[in-house]
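Have a look at the structure below before the remarks.
The values are calculated or read from the model by the stated rules, or taken from the named source; none is laboratory data. What you see is a predicted model; the values in this text were computed from it and never measured. As a convention, Cβ positions derive from the backbone with ideal geometry for all residues, glycine included, and neighbour counts pool all protein chains shown.
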Amino acid sequence: MALNNAYLESVYEKVEKRNPGEKEFLQAVYEVLESLIPVVEKRPDLVEAGIIDRIVEPERQIIFRVPWVDDNGKVQVNRGFRVQFNSAIGPYKGGIRLHPSVCASVIKFLGFEQIFKNSLTGLPIGGGKGGSDFDPKGKSDGEVMRFCQSFMTELCKHIGADTDVPAGDIGTGAREIGYMFGQYKRIRNEFTGVLTGKGLSYGGSLARTEATGYGLCYYTSEMIKCMKNETFAGKTVVISGSGNVAIYATEKATELGGKVVALSDSNGYVYDPNGINLDVVKQIKEVERGRIKEYVNRVQGAEYHEGCSGIWTIKCDIALPCATQNEINEESAKALVANGVFAVAEGANMPSTPEAIAVFQNAGVLFGPAKAANAGGVATSALEMSQNSERLSWTFEEVDAKLKNIMTNIFHNSYNAAKEYGLEGNLVAGANIAGFLKVADAMKWQGIAY
């Protein structure tokens, strides 16, 4: 792959050399550098200050052992990660992912993306990410608690309300956040807003649970209104995943007049031509912690299909991938285009491959990238930080209104940045440029530490 810019080529070559085999991280870096070609041509001062050379290298990477004891009394060992990528505009902010796929490359890609996503919110938060290859699925509450306590025993040395504020992510919900917060408080003897996504009884924010899914729909609604003069009303929507993001994207898309006809999990997908019954999904996923295939046993007329990729062959107007990275490949993108999709917005982190994004853009499909479209979660986490700092609790309506305003601004800032740099309509480039420029200027003003 060629970046058609000698300076950016040299930066990427150094990243490749320092991070061999880290495909997810390299993919994320390449996409951003590609967007910055017109920026480096227009802003030589940023090249002179070495901003891009610095922004692709994490400020700090922490890898640690996480030993814990299972219900059989056997010692298990997992690996923990925290990448504190960039603090130019505020304390590190980013979730903790608990999933067997977690490795250095995945955490670095997520942390790198988080820099620009957090910048786009307009709030003073830097980029970071963490996690472990621990899998909470199939574990008892006791096993999850012992893992979380061990994980936080090490992590607490590196985080704080004004240093690094982790949140939830895949595998890390209210239960896990609660156990981690309890251990942090026990060790540090302080009650601070060190974690977000907390329960409402101990500092959590109303609307945080709904935030990423709602925010995705607010962004998508603004995108299709401004660029196509369209709305969700009467549109068929396909959403992948069936976790927190997918559930609340389904809720908001339905509220806005759309009909969501499909959801999925890591085993397969369900198709309900009458529209997904969200109450059934919430019972299966949030209460029973079951698999999505249970849906067809409770809703007449629904179909279950093994395998995840087939969900993108369902005819729809709007597609919202909310499962995991690289779930839409070139073939799936072509299927969506052939079936008439006119808008795709990413609820998961980097769910579309570069080849898939090219298919959408070449076909004139509106494409909202993850770092812009799914920023609602971290935006509301930052609002939770504000409430914790002020010892206040805002109403659901107050938080939701702030969230909608933030997502609307993210769209317009991305759209305007793309237009300013000669890439009108390219929201991928626009999000990267708008997010980068704020961080870059902060880094330039703060100088270089020798």
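Across region 343-377, which residue is farthest from the chain's Cα centre (by Cα) among those that are buried (at least 24 other Cβ atoms within 10 Å of the Cβ) and among the charged types (D, E, K, R)?
This residue is E346.
Show me the helices (runs of 4 or more DSSP H) entirely contained within region 323-437 in which 1 or more residues are out of contact with any strand residue (DSSP E or B) (no Cβ under 7 Å at 6 or more places or on another chain) and more than 30 Å from A161 (Cβ to Cβ).
330-338, 354-362, 396-420
Among the helices (runs of 4 or more DSSP H) confined wholly to region 123-231, which include 3 or more residues that are of a type outside the set (D, E, K, R) and under 19 Å from the mean Cα position of the chain (by Cα)?
Details: elements: 141-155, 174-188, 211-228.
Fully inside region 123-231 and qualifying: 211-228.
Does region 396-441 hold any residues that are hydrophobic (A, V, I, L, M, F, W, C) and out of contact with any helix residue (DSSP H, G or I) (no Cβ under 9 Å at 6 or more places or on another chain), and which are they?
If the condition is that a residue be hydrophobic (A, V, I, L, M, F, W, C) and out of contact with any helix residue (DSSP H, G or I) (no Cβ under 9 Å at 6 or more places or on another chain), then F396, A401 are the ones that fit.
Suppose we filter Y295, Y269 for residues that are modelled with pLDDT of 95 or more, surrounded by 17 or more Cβ atoms within 10 Å (Cβ to Cβ), not in a helix (DSSP H, G or I) and not small (G, A, S); which single one remains?
Being modelled with pLDDT of 95 or more, surrounded by 17 or more Cβ atoms within 10 Å (Cβ to Cβ), not in a helix (DSSP H, G or I) and not small (G, A, S) holds for just one of Y295, Y269, which is Y269.
Of the residues I276, I284, which single one is crowded, with 24+ Cβ neighbours inside 10 Å and either closer than 26 Å to S221 by Cβ or modelled with pLDDT of 95 or more (or both)?
Sole residue among the options that is crowded, with 24+ Cβ neighbours inside 10 Å and either closer than 26 Å to S221 by Cβ or modelled with pLDDT of 95 or more (or both): I276.
From T395, T408, T380, which residue is more than 19 Å from the chain's Cα centre (by Cα), outside the structural domain of D265 (by TED's automatic domain parsing) and β-branched (V, I, T)? Don't jump to the end; show me each part of the working.
Values: T408 fails: more than 19 Å from the chain's Cα centre (by Cα); T380 fails: more than 19 Å from the chain's Cα centre (by Cα).
Going through T395, T408, T380 in turn, the sole match is T395.
What number of residues within region 58-75 satisfy the criterion of being under 30 Å from P91 (Cα atoms) and assigned to a loop (DSSP other than H, G, I, E, B)? Step through it out loud before you land on a result.
If we filter region 58-75 for residues that are under 30 Å from P91 (Cα atoms), which is where we start, we get 58-68.
Narrowing the set further to residues that are assigned to a loop (DSSP other than H, G, I, E, B) leaves 58-59.
Residues in region 58-75 being under 30 Å from P91 (Cα atoms) and assigned to a loop (DSSP other than H, G, I, E, B): 2 in total.
Looking only at region 298-322, which residues are touching a Gly at 6+ places or on another chain (Cβ under 9 Å) and either part of a helix (DSSP H, G or I) or modelled with pLDDT under 95 (or both)?
G307, C308, G310, I311
Condition check: touching a residue at least 60 places away in the same chain (Cβ under 8 Å), surrounded by 19 or more Cβ atoms within 10 Å (Cβ to Cβ) and closer than 30 Å to E424 by Cβ. Does C316 satisfy that?
Against the criterion (touching a residue at least 60 places away in the same chain (Cβ under 8 Å), surrounded by 19 or more Cβ atoms within 10 Å (Cβ to Cβ) and closer than 30 Å to E424 by Cβ), C316 qualifies.
Is it the case that Y421 is more than 18 Å from L123 (Cα to Cα), in contact with a Cys (Cβ under 8 Å, 6 or more places away or on another chain) and crowded, with 18+ Cβ neighbours inside 10 Å?
Considered against the rule, which asks whether it is more than 18 Å from L123 (Cα to Cα), in contact with a Cys (Cβ under 8 Å, 6 or more places away or on another chain) and crowded, with 18+ Cβ neighbours inside 10 Å, Y421 comes out as no.
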